[in-house]
Amino acid sequence: SDPQVTLLGEGVDSLPRDATNGVVAMVKRGYESTVATDKMKLPIGWMEFVCVNRIPPARGMGSSSGALVAGIAAGMALRGHDVTTSKARNILLQETAALEGHPDNVAPCIYGGFQLCYTPRSLESTMEID
């Protein structure tokens, strides 16, 4: 069965309220694939999601990146990982940049601030610019 999805803020009239919602799909992905060694499946049908959207969708402001990062980080946290560690943040950067196709929007979602992104040796990297 589908999870219960409540949307607040931006996009409430256009975003899906079922398992196809970007945040919901990424929570499942983060739980099932990111840093998981036993490939456990997350039964999301019993879950309730409340998404407070502050970034308008479909305007080039990074709403998809925000959904990717929030969802995968939540999935990792459900697996018991401390997503505030530098190792977890690096895994989060690699996973979300691969999905988004570039790190420029996901890096500020993960690290905050203004980020300079580059790709040495096929690994995404970032640094904050003050």
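Net charge of the neighbourhood of residue 115, taken over other residues with C-beta under 15 Å away and scored Lys/Arg +1, Asp/Glu -1, is -4.
In order along segment 57-74, the phi-based Karplus estimate (6.51 cos²θ - 1.76 cosθ + 1.60, θ = phi - 60°) of 3J(HN,Hα) comes to x, 6, 10, x, 9, x, 5, 5, 5, x, 5, 4, 5, 4, x, 5, 4, 5 Hz; Gly and Pro are listed as x. Over the residues of the chain, the helix contribution to mean residue ellipticity at 222 nm works out to -11500 deg cm²/dmol, using -39500 (n - 2.57) for each DSSP H run of at least 4.
What is the sum of charges around residue 75, taking Lys and Arg as +1, Asp and Glu as -1, for the other residues whose C-beta is under 9 Å from the C-beta of residue 75? Show your work: numbers first, answer last.
Values: positive: 28, 29, 79; negative: 32.
Result for the neighbourhood of residue 75: +2.
Using 0.36 nm per residue and subtracting the Cα-Cα separation, the extra length available between residue 116 and residue 54 on full extension is 20.0 nm.
Pairwise alpha-carbon distances in the chain exceed 24 Å for 29% of all pairs.
Remark: relative contact order (the chain) = 23 percent; criterion is Cα-Cα distance under 8 angstrom and separation of 6 or more residues. Accessible area per residue for the chain is 57 Å², calculated with a 1.4 Å probe on protein heavy atoms, without ligands, DNA or RNA. Counting only protein heavy atoms and a probe of 1.4 Å, the accessible surface of segment 22-130 is 56% carbon and sulfur.
The values are calculated or read from the model by the stated rules, or taken from the named source; none is laboratory data. For clarity, every value in this text was computed on a predicted model and none was experimentally measured. Backbone-built Cβ (ideal geometry, glycine too); neighbour counts: all protein chains shown. Side chains are part of the model used for accessible areas, which takes the heavy atoms of the whole protein and leaves out ligands, DNA and RNA. Shrake-Rupley method; radii C 1.70, N 1.55, O 1.52, S 1.80 Å.
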